[in-house]
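The values are calculated or read from the model by the stated rules, or taken from the named source; none is laboratory data. In this text, all values refer to a predicted model and were calculated from it rather than measured experimentally. Ideal geometry is used to build each Cβ from the backbone, glycine not excepted, and the neighbour counts take in all protein chains shown. For accessibility, only protein heavy atoms count, side chains too; no ligands or nucleic acids. Shrake-Rupley method; radii C 1.70, N 1.55, O 1.52, S 1.80 Å.
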Amino acid sequence: MAEVVFSSSGSTGAAKRIVRTEERLQADARNLVAAFPEVWAARPPVVASVRPEHMFGALWCVRAPAVAECTVDSEIVLSVEALVAAQVRHGRFLFVTTPSFLEKALHHPDFAALKGAFHAIVTAGSALRPETAQALVATVGVCPLEIYGSTEAGTVAFRYQ
């Protein structure tokens, strides 16, 4: 049975090795696609500011897009300018990111020009502040899907504010 090794974030001390089976990762990806049809049904291209080496990125930027038959942009977005370039390449897209990226992006003068570019925004890594969620709805017209979980457990909860 094939296995994939991840490292925990180390939030409780030293990072730990977490071993997940290929079958478990595939089941997790199928479950994400089934649980969030509003995200995947239109088969949007996936653009991300997170790396696939981490559990969140592996599931949301590699495995679930494969299950949903979505294309994945190979560029890791590091700036609002890169998001604007992604809009030129794809039109509307699913953006997989973190709360910290979104908070910084809201202060960028070009971010508001992305209104209409996001099919959906999925975020994880920490709680999204309510004022950030409200500002995203007002600025780009999308309420982010917040994912909560861990490398050990995978996705265990979600919310839309």
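A few points about this structure:
- Taking the range 19-127 and the strands (runs of 3 or more DSSP E) fully enclosed by it, the elements with 3 or more residues that are open to solvent by less than 40 Å² (accessible area, probe 1.4 Å) are at 46-48, 93-97, 118-124.
- Checking each residue in the range 130-161 for being assigned to a loop (DSSP other than H, G, I, E, B) and either within 15 Å of the chain's Cα centre (by Cα) or at pLDDT below 95 (or both) picks out VAL142, CYS143, PRO144, THR151, GLU152, ALA153, GLN161.
- Hits in the range 9-26 - residues which are at pLDDT below 75 and in contact with a strand residue (DSSP E or B) (Cβ under 6 Å, 6 or more places away or on another chain): ALA15
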